[in-house]
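Enquirer: Below is one structure. I have some questions about it.
Read the figures in this text as sums done on the coordinates, not as results from a lab. Worth saying up front: this structure is predicted, and the values here are computed from it rather than measured. With ideal geometry, Cβ positions are generated from the backbone for all residues, glycine too; neighbour counts draw on all protein chains shown.
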Amino acid sequence: MKRFVLAFIAAFIFIFLWGWFYNGTLLKDVFAEAQSLFRPREEMMGLFHWIIIGQAGLALSFVMIYASGFAGGGIAAGVRLGIMLEILAVSARCAFYATQPFPAKLLVLISIGGFIEMIVTGVIVGAIYKSAAARTS
Amino acid sequence: MDWKKFFVAFVAAFGFIFVFGFLWYGKLMHGVHQEVPALWRPEAEFGNHFSWLIFGHIVMAFFLTLLCSKFVPAGGPGPCAHLGILVALVYVGNDFIMYAVQPITMKILCGWIVGDLIMFGVAGAIIGTIYKANSPLASQIPNS
């Protein structure tokens, strides 16, 4: 349980920092090209806690899936899980692209960032859980 | 891996996800979505991008089936529905983030969350019902 909590906290911190750096800083100008699809910055800041809740939920569900059936595989299994979950997220983005006038460039860049995010999250969760497995064996 | 069962499970999951998506997001939530019309493509433009919707659903069904077959190789509706709900929670996390950054309403957010949970839970159950490997190896934990 202790390792579960540690893995969750580590994953959440990484997802938060990566989201801020990649989506909030690196892609800032690309997001600005589709400004009409997003809330004004002040409004977004007022709803910032939803981003925190969403990222915490993302980290928690990642660790729950990993802990339920992938834990024996260590870092490699974490990376595999991350890739599979991100491909599922990309599939949802394809549906969003069909229904909302997002620029394709934005969704491609978000997906590239998503792959990096989920792979590194898999490494983090796998590394922390692997040591838990080693302790118990 | 039993590829024949995998394929049948994938096709069934795709069929369900597509039909459920059409009914839930396209029909039931149509009025709620129209509260923010600026967010959506016009009907004709949507038609031109419809292939992306199909492609997205195919990829979604394929990787959910793959995840179920790797994660729960013995199959069974219960464990696979459980995995489907966990996967839905990943989507729910993204829904919360979307709510913060896009001007969608609370009703849309709630509709998406409930839709995700039902869609992935039931799709997982369908996959688990179809994908039941007979091999004794099926009960082994993957990746270990």
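Enquirer: Looking at segment A:32-120, what helices (runs of 4 or more DSSP H) fall wholly within it and have at least 2 residues that are among the polar types (S, T, N, Q)? Quick ask: steps written out before the conclusion?
Expert: Values: elements: A:41-46, A:48-69, A:74-99.
Output list reads A:48-69, A:74-99.
Enquirer: State which residue is farthest from residue B:47 (Cα to Cα) when the search covers only segment A:52-72 and only residues that are more than 15 Å from the chain's Cα centre (by Cα) and crowded, with 22+ Cβ neighbours inside 10 Å.
Expert: Residue satisfying both the conditions and the ranking: A:71.
Enquirer: Which condition number in (1) within 20 Å of residue B:120 (Cα to Cα); (2) surrounded by fewer than 17 Cβ atoms within 10 Å (Cβ to Cβ); (3) touching a Pro at 6+ places or on another chain (Cβ under 9 Å); (4) not charged (D, E, K, R) is the one that residue B:11 fails?
Expert: (3)
Enquirer: Still on this structure, I have one more. In segment B:46-66, is there at least one residue being out of contact with any Gly (no Cβ under 8 Å at 6 or more places or on another chain), polar (S, T, N, Q), more than 7 Å from chain A (Cβ to nearest Cβ) and closer than 20 Å to residue A:102 by Cβ?
Expert: Taking every residue of segment B:46-66 in turn, at least one turns out to be out of contact with any Gly (no Cβ under 8 Å at 6 or more places or on another chain), polar (S, T, N, Q), more than 7 Å from chain A (Cβ to nearest Cβ) and closer than 20 Å to residue A:102 by Cβ.
Enquirer: Same structure, new question: Which residue pairs have Cβ atoms closer than 9 Å, lie 6 or more positions apart in sequence or on different chains, and pair a first residue in segment B:20-44 that is within 12 Å of chain A (Cβ to nearest Cβ) with a second residue that is of a type in the set (Phe, Trp, Tyr) and part of a loop (DSSP other than H, G, I, E, B)?
Expert: B:33/B:40
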